[in-house]
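Each remark here refers to the structure printed beneath this line.
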Amino acid sequence: MSNEKFPCDKCGLCCRNLDKSPVYEDLHDGSGICNHLDTETNLCTIYDRRPGKCNIIASYKHFEDTLKFDEYIELNINACKKLKEDY
Ligand code: SF4
Ligand code: SF4
């Protein structure tokens, strides 16, 4: 599974909407924008040491008892689409 890729276009919207989930409250100051996001490039400044909860593939371990991998990926892709529709 570690070789799986998620189709991310690096839009940065997930890292700008952390206030939509309490899971990420330690990463922002209330604005929803991650303290570690480069707002010019939309890239994570700590990508190689980002929290596990920011790694979609690695986070599947928390869902593998209830979701097939493809279903989990589809849910995440749909979440990305929803963010893009809202902006
Ligand atoms: S919202 Fe989705 S496509 Fe955009 S950066 Fe986040 S994971 Fe990638
Ligand atoms: S740590 Fe990096 S990947 Fe995680 S929310 Fe912040 S900017 Fe995004």
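Throughout, read-outs are computed from the coordinates displayed, never taken from laboratory work. The shown structure was predicted, so the numbers you read here are calculated from the model rather than taken from an experiment. Because the Cβ atoms are built from the backbone with ideal geometry, glycine has one as well, and the counts that use them run over all protein chains shown.
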Along the range 41-51, what does the Karplus equation 6.51 cos²θ - 1.76 cosθ + 1.60 (θ = phi - 60°) give for ³J(HN,Hα), rounded to whole Hz, x for Gly and Pro?
9, 6, 9, 6, 7, 10, 3, 6, 10, 5, x
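Ranked highest first by average number of other Cβ atoms within 10 Å, how do 20-29, 60-69 line up? Walk me through the intermediate numbers first.
Numbers: 20-29: 13.0, 60-69: 11.5.
Top to bottom by mean Cβ count within 10 Å: 20-29, 60-69.
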Computed about the Cα centre, the charge dipole of the chain from +1 Lys/Arg and -1 Asp/Glu charges at the Cβ has a magnitude in debye, to the nearest 20, of 120 debye
Helix 69-85: inclination vs the chain longest Cα principal axis, degrees, rounded to 10, gives 30 degrees
Any chance you could list the semi-axes, whole Å, largest first, of the equivalent ellipsoid that the Cα gyration tensor gives for the range 14-85, using √(5λ)?
22, 14, 12
Hz values of 3J(HN,Hα) by residue in the range 5-13 - Karplus curve (6.51, -1.76, 1.60), Gly and Pro given as x
10, 9, x, 9, 9, 6, 6, x, 5
